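Q: Take a look at this one; I'll ask things after.
Bear in mind that the values in this text are calculations on the coordinates, not laboratory data. For clarity, every value in this text was computed on a predicted model and none was experimentally measured. Neighbour counts run over all protein chains shown; Cβ positions are idealised from the backbone, glycine included.
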Amino acid sequence: MTQLNTTQPSVYKHDWLMRLGPLRLRVPRRVVMVNLLLFIGLAGIMLASLIMGDFDISIMQTVRALLGHGERSHLILINDIRLPRVITGMVTGFGLGLAGTMLQTLARNRLATPEVLGINEGGTLAIIVIITVSTSSLFGLWWVAPIGAAITAAVLILFGGGRVGSQGYRLLIIGLGLTALLRSINELIISRQNLMHASALYTWTLGSLATGNEKVNIPVSIGLLMTLPVCLLCTRWLTLMRFDEEIAIPLGLPRRGARLLVIGCVVVMAGLSVGAAGPIAFVALAAPILASRLLGPSHVPMLTSAWTGCVLVLTADTLGRLIAHPQELPVGVVCSVLGGPFLLWVVLRQQAN
Amino acid sequence: MQLNVTDLYASYTANNPILKGVSMSAKPGHVTIIVGPNGCGKSTLLRSIARLHRPDSGRITLDDQDIWQLKPRQAAHRLSLLPQSPVAPEGMTVINLVQFGRHPHQGLFQQWSDQDQLAVAEALQLTHLSDLAHRRLDQLSGGQRQRCWLAMTLAQQTPLMLLDEPTSMLDLGHQVEVLNLVRKIASAGDRAFVIVLHDLIAAAQYADQLITMRDGKIIQTGHPRDIITPELIKELYDVDVRILTSPDNLTPIIVARQEALV
């Protein structure tokens, strides 16, 4: 039996309180509203992403094709070409949004994201190395990225001495150095390839959904879905991590264990995203910030940030296909272009505080 | 819940011990106040009890249970800490903050209970914050904000409460208010308080047990009336003082001696 109890005094005035058998759940109204709006926006951008492109197709034809009806050419266009691409975008955005919010909260710094700390770059390097060594194609290698990401994270922890530093600056500085180092290795390897190979690799290191297909989407989605419950279990710890240790530890935060588990989740989430679409910039930075603005200061946005990540990636990809028509810009390029001003805004705002 | 500290050694860098064999205890219903000059180790002692700093040797027990062997959550049910000048995440409201005191009592599927609600409401009432409950912390004065943090630790409802300089940011009126509140809660009988204070006069007035420290060691322990002498203060702070007596309750009042102007 679900019993909505809205008559409680002012302590929980912004929440719905639910009793479900032995469970006592608090559902903040704002979270519900924001997520509803995000879902509507996400559905809209998904549909737009399916409809827009080289070949014109109407909304009705798209929906019919999704349900398995209509002309054969429509079926192929929607279900075999555009839908896998949209799903790759969703998966990537979801992973980056969640990894970004977790890492930012852990480091207590908005600039600490998987791309800034070198975790994405480590995943990229792993894939590039395997490709050049084994001359295999990009498609089957999604699983290599999380391994590269994990090694990078281990190095990060090792050099950081397991400490985050005040406002995460220790972690940030080490991460920035690591990113620069890994990126230069990546570029070095690419520059040694023949032109055809190099240009394909280069496009991929920018982040692109063009390679999205089911062979990648299915295992990556399964990986994300399996990690998601662990991430959600970390939410209670993450809300404590926003305080100084002097507050968080007496409130019951297991310092080491929580930190390791959160970093583990970040590695898997960010690594799988990189494996699916290459290291897309800016999403892991922007999604948590936008989600926090929507939810207000009392929540660590988890799923909200993940959905925001999906919306950002799909929007950027759709824009990339429209701006330079009939050519298309890789999603990573669009994100970088939008991300520059956004990063500047974040830094200036952080300074103002 | 009885707190016992036995022969505690602690250091931040090797070969430079901050605590050199400290033993003390604190009883439910009693206010224990630790005083001493800067750098005497009183904050380190508090941090060791709060599990923020692992001591090199010695034992800290709550009812004969070693606190360093408790799980983080178990420990959070037994002791709470109000640290010096705490900082809250941007944009939080009073009620947001005070609810965090209930965090160790909640779980993934137990996100609120009637007891949580009561504890929060009670903590707000005791600290006179009920009317400010939905105001943002950054819009409050330093004194009001300090009361919010106190309310958070009160809402945690632990048998042992550790307060590190709880009055350092407050004016006289609010100092008295906070310490009176502590006295009132302690006299209810089931909570033990361990407080680090700078203010000797307040310490002498409010302590059931005064612990004086210098250079990582305890110099004297006892009721302020029994132990405060000019010699003790000289030993602690290297100043000459006179001890007066409060006309209200005969607690000692310490005044620095003035050199006669010739």
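Q: For chain A, calculate the relative contact order in percent as a whole number, restricting contacts to Cα pairs under 8 Å that are 6 or more residues apart.
A: Relative contact order, chain A: 27 percent.
Q: Does chain A classify as rounded, prolate or oblate by the C-alpha gyration tensor (a ≥ b ≥ c root eigenvalues; a/c under 1.5 gives rounded; else a/b over b/c gives prolate, otherwise oblate)? Intermediate values should be presented prior to the final figure.
A: Numbers: a/c = 1.91, a/b = 1.17, b/c = 1.63.
Oblate, since a/c reaches 1.5 and b/c is not below a/b.
Q: Considering only the other residues whose Cβ falls under 15 Å of the Cβ of B:L8, what net charge follows from Lys and Arg at +1 and Asp and Glu at -1?
A: Working: positive: B:K20, B:K42, B:R47, B:R51, B:R54, B:R59, B:K217; negative: B:D7, B:D56, B:D66, B:D215.
Once positives and negatives cancel, what remains is +3.
Q: Report, in order of residue number, the helices in chain A meeting two criteria: a C-alpha extent of 18 Å or more along the helix axis, and a mean Kyte-Doolittle hydropathy of at least 1.6; treat each whole DSSP H run as one helix.
A: A:29-51, A:119-134, A:144-160
Q: Let me ask another. Specify whether the C-alpha gyration tensor of the protein assembly as shown places it in the rounded, prolate or oblate class, a ≥ b ≥ c being the square roots of the eigenvalues: rounded for a/c under 1.5, otherwise prolate if a/b is larger than b/c and oblate if not.
A: Prolate, since a/c reaches 1.5 and a/b exceeds b/c.
Q: Same structure again: Just going by the charge dipole of segment B:60-202, with Lys and Arg at +1 and Asp and Glu at -1 on Cβ, which of B:L179, B:Q117, B:Q146 is farthest out on the positive end?
A: After comparing all options, I get B:Q117.
Q: Further, regarding this structure: When Cβ neighbours within 10 Å are restricted to other protein chains, what is their mean count per residue of peptide A:240-247?
A: Averaged over the peptide's residues, the number is 6.
Q: Let me ask something else. Choose one of A:G95, B:T251, A:S221: the residue whose Cα lies farthest towards the positive end of the charge dipole of the protein assembly as shown (beta-carbon charges +1 Lys, Arg; -1 Asp, Glu; about the Cα centre).
A: A:S221
Q: Shifting gears a bit: Taking the alpha-carbon distance from B:K20 and a cut-off under 18 Å, which lysines remain once sequence neighbours fewer than 8 residues away in the same chain are dropped?
A: By straight Cα distance, B:K20 reaches B:K42, B:K217.
Q: A further question follows. When a/c is below 1.5 the answer is rounded, else prolate if a/b is larger than b/c, else oblate, so apply that to segment B:136-183 with a ≥ b ≥ c taken from the square roots of the Cα gyration tensor eigenvalues.
A: Here segment B:136-183 falls in the oblate category.
Q: Could you calculate the FRET efficiency of A:R29 with A:L344 from 1/(1 + (r/R0)^6), where r is the beta carbon distance between them and R0 is 41 Å, rounded to 0.05? Display every interim value, and only then the final one.
A: Numbers: r = 34 Å, r/R0 = 0.82.
E between A:R29 and A:L344, to the nearest 0.05, is 0.75.
Q: Taking each residue in A:250-258, count the Cβ atoms of any other chain within 10 Å of its Cβ, then average. What number comes out?
A: What the average comes to for A:250-258 is 6.
Q: Using the Cα centre of the protein assembly as shown as the reference point, and only Cβ charges (+1 on K/R, -1 on D/E), how large is the resulting charge dipole? Debye, rounded to the nearest 20.
A: 720
Q: What does the structure give for B:132-140 when I average, per residue, the other chain Cβ atoms found within 10 Å of the residue Cβ?
A: Average per residue, whole number: 1.
Q: If you don't mind, another one. For segment B:1-86, what is the charge dipole size about the Cα centre, in debye to the nearest 20, if Lys and Arg each add +1 at the Cβ and Asp and Glu each add -1 at the Cβ?
A: Roughly 220 debye for segment B:1-86.
Q: For an R0 of 22 angstrom, estimate the FRET efficiency from the Cβ-Cβ distance between B:K234 and B:N16 and round to the nearest 0.05. The partial results should precede the final answer.
A: On the way: r = 26 Å, r/R0 = 1.19.
Rounded to the nearest 0.05, the efficiency is 0.25.
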